[in-house]
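Enquirer: Just passing along the structure, written as structure tokens.
The values are calculated or read from the model by the stated rules, or taken from the named source; none is laboratory data. All values derive from a computational prediction rather than experimental measurement. Cβ: placed from backbone, ideal geometry, glycine included. Neighbour counts: every protein chain shown.
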């Protein structure tokens with residue numbers, strides 16, 4: 001998308017090594033933004049376990065635990081990804097979106 005402001009930062013920090021996913025989520029939210037979304041691996045991902053998963057949004061989130069995605073992130077030395085969006089996404093076809101959402105009762 002052209003014109004969308006974003007910030008990217010790669011951070012190498014050994015303070016996150018050996019932290020579990022909840023601790024990593026808590027620490028990154030304190031450093032970045034409390035409304036940020038965090039996807040992190042734990043000790044199994046760091047150790048390249050083939051069935052390691054990725055936990056998104058800490059204690060209240062979900063786990064992507066198929067196909068060893070946590071082990072893949074660990075093999076790339078990627079502990080976590082943090083995202084914070086401030087813009088609403090644009091719909092390609094707003095009329096169809098409104099019609100479908102009203103049929104499904106999504107917006108009231």
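Enquirer: Only one of these is crowded, with 16+ Cβ neighbours inside 10 Å, assigned to a strand (DSSP E or B) and either on the phi < 0 side of the Ramachandran plot or at pLDDT 90 or above (or both): 72, 82, 49, 63. Name it.
Expert: None of the others qualify; the one that does is 82.
Enquirer: Can you pull out the residues in segment 34-46 that are surrounded by 13 or more Cβ atoms within 10 Å (Cβ to Cβ) and part of a loop (DSSP other than H, G, I, E, B)?
Expert: Of the residues in segment 34-46, the ones surrounded by 13 or more Cβ atoms within 10 Å (Cβ to Cβ) are 36-46.
Within segment 34-46, 36, 41, 42 qualify.
Enquirer: Among the residues of segment 15-31, what is the count of those that are part of a loop (DSSP other than H, G, I, E, B) and buried (at least 17 other Cβ atoms within 10 Å of the Cβ)?
Expert: Taking segment 15-31 first, the residues part of a loop (DSSP other than H, G, I, E, B) are 17-20.
Those left that are additionally buried (at least 17 other Cβ atoms within 10 Å of the Cβ): 19.
Result for segment 15-31: 1.
Enquirer: Considering 85, 74, which residue is more than 18 Å from residue 21 (Cα to Cα) and within 16 Å of the chain's Cα centre (by Cα)? Before you say what the answer is, go through the steps one by one.
Expert: On the way: 74 fails: more than 18 Å from residue 21 (Cα to Cα).
After applying the criteria, what remains is 85.
Enquirer: Quick check on residue 91: is it touching a helix residue (DSSP H, G or I) at 6+ places or on another chain (Cβ under 9 Å), modelled with pLDDT under 90 and surrounded by fewer than 12 Cβ atoms within 10 Å (Cβ to Cβ)? Can you show your working first?
Expert: Values: touching a helix residue (DSSP H, G or I) at 6+ places or on another chain (Cβ under 9 Å): yes; modelled with pLDDT under 90: yes; surrounded by fewer than 12 Cβ atoms within 10 Å (Cβ to Cβ): yes.
When the stated conditions are applied, residue 91 passes them.
Enquirer: Could you list, in sequence order, the residues of segment 26-43 that are without any contact (Cβ under 8 Å) to a residue 40 or more places away in the chain and in contact with a helix residue (DSSP H, G or I) (Cβ under 6 Å, 6 or more places away or on another chain)?
Expert: Of everything in segment 26-43, those that are without any contact (Cβ under 8 Å) to a residue 40 or more places away in the chain and in contact with a helix residue (DSSP H, G or I) (Cβ under 6 Å, 6 or more places away or on another chain) turn out to be 41, 42.
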